[in-house]
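**Student:** Here you go, one structure.
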Amino acid sequence: MKHYQSSSEPIIKLNHVFREFSAGTQTIPVLNDISLSINQGEMVAIIGASGSGKSTLMNIIGCLDKPSQGEIFINGIAVHEVDNEQLAELRSQYLGFIFQRYHLMPYLTAEENIAIPALYTAMPEAERITRTKFLAEKLGLRERLNHKPYQLSGGQQQRVSICRALINGARVILADEPTGALDSVSGKALMDVLHQLHLDGHTIIIVTHDRNIAEQTQRIIEISDGKIVADNQNDALQKTGIPHNFPPVKDNGRASLGRSIHESIRMAWRSLIGHRMRAFLSMLGIIIGISSVVSSMAVGEGARRTIMDEIGKLGSTTLEIRPGTGWGSKRPDMERALSLNDIKSLKKFSWIEQISPVTSSMTIVVNKGLDFSILLNGVSDEYFAAQGFQILQGSNFSPLDVADNAPVIVLDETSREVLFTPEEDPLDQIVQIEGSPWRIIGIARKSGPKMSSGFIMGWTPHTALQQRVLGDKPIEYISLRFPETLTPKQAEIQVEQLLLREHGKKDFFIQSDDQLANALQKTSDSMSLLITSIAAISLLVGGVGVMNIMLVSVTERTHEIGIRLSVGARPADIMNQFLIEAILICSLGGLIGIAGSWVAGTIFAQVTTQFTMVFTLLPVLLACGFSALIGLIFGYFPARRAAKLNPTEALARE
């Protein structure tokens with residue numbers, strides 16, 4: 001800003017000011033070559049008929065508008081050269097407005113309305129509170145500070161607006177038709193207050209069409225058709241009374257960034273409290289979106305853990321060695337890649353706890369003259385321990401049974417239910433397989449989820465199965481178990497290195513339960529991602545809804561924005577407040593959505609025990625962060641629109 005002030009320079013000076021407005025293709029002149037000076041401490045009335053240009057002149061003097069041409073200086077500052085930020089600073093530090101319609105925010109108390117201009121300055125909170133109460137005391141509002149505007153009379157509302165004009169220590173008070181909405185008694189009381197402010201040293205500028213009001217001032221400036229037609233001193237007015245001696249304001253400069261943001265948060269929160277229904281409707285889409293995202297991720301995590309628990313029951317410390325180089329790649333020359341010699345070689349590893357060859361065949365079992373399809377698996381006696389089988393009845397076969405090719409069989413639970421009645425004892429019963437008798441010695445169940453293959457199963461010594469059923473059939477795979485102190489990867493590497501030395505080539509591949517778990521994990525993650533993506537769409541829709549409602553809010557609150565701009569708020573302050581409001585709406589919606597999903601999870605747990613919703617910290621943190629980000633992104637455009645509003649146009653909208 002450029003300062004031109006000297007000790008004798010007027011506090012307000014206009015040189016050849018013009019103001020024109022565009023209406024379609026026409027240009028309408030409102031002010032035409034206005035030049036005037038107003039000294040510090042004067043009480044001036046600007047009088048004129050409706051449409052004469054007096055309100056436009058007040059807006060220019062009050063830094064709510066800028067001239068189309070000409071110069072204007074306030075306290076030596078060239079107002080016509082400054083930007084919107086500096087105009088706001090001038091309004092904050094030097095100017096106070098008293099409006100005809102009071103322009104109070106209906107959802108704030110009288111005390112909060114008075115303090116609004118100070119919120120945009122560096123004035124400490126304690127001083128702001130003290131000064132608010134001091135002003136209210138002087139203007140007879142001490143008992144009405146906690147009342148909202150609708151609980152106050154017109155005269156009380158006007159006095160609230162006067163306190164608001166004085167809170168920052170404004171040297172110039174601009175009153176636009178201050179008595180226009182008051183009865184004669186309240187109007188006289190208001191003029192007494194303005195005379196007292198004049199006595200206290202304030203420069204008072206009253207814009208009015210009432211000559212009786214104008215004649216109560218020191219100087220009367222008459223304007224007609226955008227030109228000053230008279231400028232006369234009123235020597236009859238004399239200063240009488242005792243000054244109030246309002247304490248000076250030292251900290252009405254701009255607040256620091258941290259304080260500014262802090263006050264913006266407080267104002268945004270107060271605004272949301274003042275418009276509860278609109279705030280709730282704004283955050284409803286976010287609540288639904290966040291609740292959907294968190295719930296879907298909790299369902300996915302619960303399902304994943306359930307699957308992994310079941311996989312864990314299968315045993316994650318087993319390996320399967322199969323011929324070929326992968327599934328579907330086994331060629332005829334690789335069918336016999338594995339042999340019993342490989343098992344002997346692998347037994348050299350002391351860390352192998354159990355090992356067994358596996359061969360299998362679909363065949364027919366006959367019991368009581370009835371035929372049943374059965375999947376027979378030829379294994380060694382170590383297979384049951386390697387695979388974590390539980391022997392429900394009887395026992396598994398012994399190493400001697402394997403060595404002697406004994407025709408003994410261990411059935412699964414399904415086989416026992418199919419072949420025998422519940423009252424029958426299957427142990428030592430004889431069944432016919434491929435025309436030869438086999439003795440049932442046990443009933444076994446594998447740990448983990450019960451898999452249904454559509455047919456019954458049994459396990460026999462691999463030697464007996466090959467001799468009596470399969471003939472010279474190659475080993476399908478080798479199953480081995482290793483201790484938990486060894487990782488699946490470590491076990492795979494050692495097995496692979498040994499078999500490569502034995503075979504001289506890679507004609508086998510190794511599969512572990514860990515690989516199965518990883519595959520299921522990827523499937524689970526993919527399903528969770530799919531569900532979360534669908535839920536995220538609703539969150540995005542919620543964000544668009546927030547933007548739409550915030551845009552409507554800007555339109556609805558245009559008048560409020562005009563009030564804030566007129567009392568010293570910068571465009572950046574308006575943008576910060578609306579942006580923070582959007583972030584608060586989305587953040588609160590996110591927290592409510594998280595709480596809602598937790599309630600849903602609690603209800604879900606009461607309905608089913610198949611699996612539970614598992615809430616983890618990361619999705620919750622992501623949901624909170626994402627909801628705030630949505631507020632930031634979708635709140636930016638409404639906030640930017642609010643910050644660009646013109647103060648005079650905004651104030652004109654009720």
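The values are calculated or read from the model by the stated rules, or taken from the named source; none is laboratory data. Computed from a predicted structure; not experimentally measured. Cβ: placed from backbone, ideal geometry, glycine included. Neighbour counts: every protein chain shown.
**Student:** When the residues of segment 604-641 are narrowed to those that are of a type in the set (Gly, Ala, Ser) and either over 21 Å from GLY302 (Cβ atoms) or not assigned by TED's automatic domain parsing to the domain that holds MET297 (or both), which ends up farthest from the chain's Cα centre (by Cα)? Give the steps one after another, and end with the answer.
**Tutor:** Initial filter on segment 604-641 (of a type in the set (Gly, Ala, Ser)): 605, 623, 625, 627-628, 631, 635, 639.
Next, from what is left, pick out any that are either over 21 Å from GLY302 (Cβ atoms) or not assigned by TED's automatic domain parsing to the domain that holds MET297 (or both): 625, 627-628, 631, 635, 639.
On the way: GLY625: 5, SER627: 1, ALA628: 3, GLY631: 6, GLY635: 12, ALA639: 17 Å.
Applying the filter and picking the extreme gives ALA639.
**Student:** Cβ contacts < 6 Å: first residue touching a residue at least 40 places away in the same chain (Cβ under 8 Å), restricted to segment 578-603; second residue not in a helix (DSSP H, G or I), any location; separation 6+ or different chain. Result?
**Tutor:** Close Cβ pairs (under 6 Å, with a partner that is not in a helix (DSSP H, G or I)) amount to GLY601/MET613.
**Student:** Mind checking which strands (runs of 3 or more DSSP E) fall wholly inside segment 37-113 and carry at least 1 residues that are closer than 23 Å to ILE561 by Cα? Please lay out each step first, then the result.
**Tutor:** On the way: elements: 43-47, 69-74, 95-98.
Those strands (runs of 3 or more DSSP E) span 95-98.
**Student:** From THR109, THR130, which residue is surrounded by fewer than 22 Cβ atoms within 10 Å (Cβ to Cβ), without any contact (Cβ under 8 Å) to a residue 40 or more places away in the chain and within 34 Å of the chain's Cα centre (by Cα)?
**Tutor:** Numbers: THR130 fails: within 34 Å of the chain's Cα centre (by Cα).
When all the criteria are applied, what remains is THR109.
**Student:** Return the residues of segment 158-194 that are within 21 Å of ASP210 (Cβ to Cβ) and charged (D, E, K, R); say none if nothing qualifies.
**Tutor:** ARG159, ASP176, GLU177, ASP183, LYS188, ASP192
**Student:** Next question. Filter segment 548-570 down to the residues that are among the hydroxyl-bearing types (Ser, Thr, Tyr), crowded, with 16+ Cβ neighbours inside 10 Å and closer than 17 Å to ARG278 by Cα and list them by number. Break it down stepwise before answering.
**Tutor:** Taking segment 548-570 as the starting set, the residues that turn out to be among the hydroxyl-bearing types (Ser, Thr, Tyr) are 553, 555, 558, 566.
Still in the running and crowded, with 16+ Cβ neighbours inside 10 Å: 553, 558, 566.
SER553, THR558 - these are the residues of segment 548-570 that are among the hydroxyl-bearing types (Ser, Thr, Tyr), crowded, with 16+ Cβ neighbours inside 10 Å and closer than 17 Å to ARG278 by Cα.
**Student:** Just to verify a result, which residue in segment 209-230, among those that are over 9 Å from ALA45 (Cβ atoms) and among the polar types (S, T, N, Q), is surrounded by the most Cβ atoms within 10 Å (Cβ to Cβ)?
**Tutor:** SER224
**Student:** Out of GLY593, GLY545, I need the residue that is surrounded by fewer than 24 Cβ atoms within 10 Å (Cβ to Cβ) and small (Gly, Ala, Ser). Which one? Working first, answer last.
**Tutor:** Values: GLY593 fails: surrounded by fewer than 24 Cβ atoms within 10 Å (Cβ to Cβ).
Going through GLY593, GLY545 in turn, just one is surrounded by fewer than 24 Cβ atoms within 10 Å (Cβ to Cβ) and small (Gly, Ala, Ser): GLY545.
**Student:** Of the conditions (1) crowded, with 19+ Cβ neighbours inside 10 Å; (2) at pLDDT below 90; (3) not basic (Lys, Arg), PHE246 fails just one. Which one is it?
**Tutor:** Result: PHE246 passes all but (1).
**Student:** Does segment 37-47 contain at least one residue that is crowded, with 18+ Cβ neighbours inside 10 Å, acidic (Asp, Glu) and touching a strand residue (DSSP E or B) at 6+ places or on another chain (Cβ under 8 Å)? Spell out how you get there, then give the answer.
**Tutor:** Residues of segment 37-47 that are crowded, with 18+ Cβ neighbours inside 10 Å, as a first pass: 38, 42-47.
In the following step, the residues that additionally are acidic (Asp, Glu) were identified as 42.
Add one more test, that the residue is touching a strand residue (DSSP E or B) at 6+ places or on another chain (Cβ under 8 Å), and what stays is 42.
Within segment 37-47, one or more residues are crowded, with 18+ Cβ neighbours inside 10 Å, acidic (Asp, Glu) and touching a strand residue (DSSP E or B) at 6+ places or on another chain (Cβ under 8 Å).
**Student:** Residue check: is LYS148 surrounded by fewer than 22 Cβ atoms within 10 Å (Cβ to Cβ), at pLDDT 90 or above and out of contact with any strand residue (DSSP E or B) (no Cβ under 9 Å at 6 or more places or on another chain)? Spell out the reasoning first.
**Tutor:** Details: surrounded by fewer than 22 Cβ atoms within 10 Å (Cβ to Cβ): yes; at pLDDT 90 or above: yes; out of contact with any strand residue (DSSP E or B) (no Cβ under 9 Å at 6 or more places or on another chain): yes.
For LYS148, the condition - surrounded by fewer than 22 Cβ atoms within 10 Å (Cβ to Cβ), at pLDDT 90 or above and out of contact with any strand residue (DSSP E or B) (no Cβ under 9 Å at 6 or more places or on another chain) - is met.
**Student:** Right, next: Taking GLY601, is it surrounded by 13 or more Cβ atoms within 10 Å (Cβ to Cβ), more than 20 Å from the chain's Cα centre (by Cα) and in a helix (DSSP H, G or I)?
**Tutor:** On the way: surrounded by 13 or more Cβ atoms within 10 Å (Cβ to Cβ): yes; more than 20 Å from the chain's Cα centre (by Cα): yes; in a helix (DSSP H, G or I): yes.
In short, yes.
**Student:** Within segment 354-383, track down each residue that is in a loop (DSSP other than H, G, I, E, B), modelled with pLDDT of 90 or more and either at positive phi or touching an Asp or Glu at 6+ places or on another chain (Cβ under 9 Å) (or both). Reasoning before the result, please.
**Tutor:** Within segment 354-383, the first condition is being in a loop (DSSP other than H, G, I, E, B), and the residues that meet it are 368-369, 380-382.
Keeping just the survivors that are modelled with pLDDT of 90 or more gives 380-382.
Within segment 354-383, ASP381, GLU382 meet the criteria.
**Student:** How many of the residues making up segment 55-81 are under 15 Å from ILE12 (Cβ atoms) and touching a residue at least 40 places away in the same chain (Cβ under 8 Å)?
**Tutor:** Total satisfying the criteria: 18.
**Student:** Right, next: Under 8 Å between Cβ atoms, at least 6 apart or on separate chains: pull out the pairs that start in segment 347-376 with a residue that is outside the structural domain of SER479 (by TED's automatic domain parsing) and without any contact (Cβ under 8 Å) to a residue 40 or more places away in the chain and end on any residue that is crowded, with 17+ Cβ neighbours inside 10 Å and of a type in the set (Asp, Glu).
**Tutor:** Within 8 Å, no pair qualifies.
**Student:** On to the next question. If you take the residues in segment 439-456 that are modelled with pLDDT of 90 or more and touching a helix residue (DSSP H, G or I) at 6+ places or on another chain (Cβ under 8 Å), which one is surrounded by the fewest Cβ atoms within 10 Å (Cβ to Cβ)? Give the derivation first.
**Tutor:** Within segment 439-456, the subset modelled with pLDDT of 90 or more is 439-444.
Checking which are touching a helix residue (DSSP H, G or I) at 6+ places or on another chain (Cβ under 8 Å) leaves us with 443-444.
Values: ILE443: 20, ALA444: 23.
Here the answer is ILE443.
**Student:** For segment 193-236, give me every one of the strands (runs of 3 or more DSSP E) that falls completely inside it and has 1 or more residues that are without any contact (Cβ under 8 Å) to a residue 40 or more places away in the chain and more than 54 Å from the chain's Cα centre (by Cα).
**Tutor:** On the way: elements: 203-208, 219-224, 227-233.
So the answer is 227-233.
**Student:** Taking segment 611-627 on its own, how many of its residues are surrounded by fewer than 16 Cβ atoms within 10 Å (Cβ to Cβ) and farther than 14 Å from SER295 by Cβ?
**Tutor:** So the answer is 4.
**Student:** So which residues in segment 642-654 are in a helix (DSSP H, G or I) and either within 17 Å of the chain's Cα centre (by Cα) or buried (at least 16 other Cβ atoms within 10 Å of the Cβ) (or both), if there are any at all?
**Tutor:** As a first pass, look at segment 642-654 and keep what is in a helix (DSSP H, G or I): 642-643, 647-651.
Selection gives ALA642, ALA643, PRO647, THR648, ALA650, LEU651.
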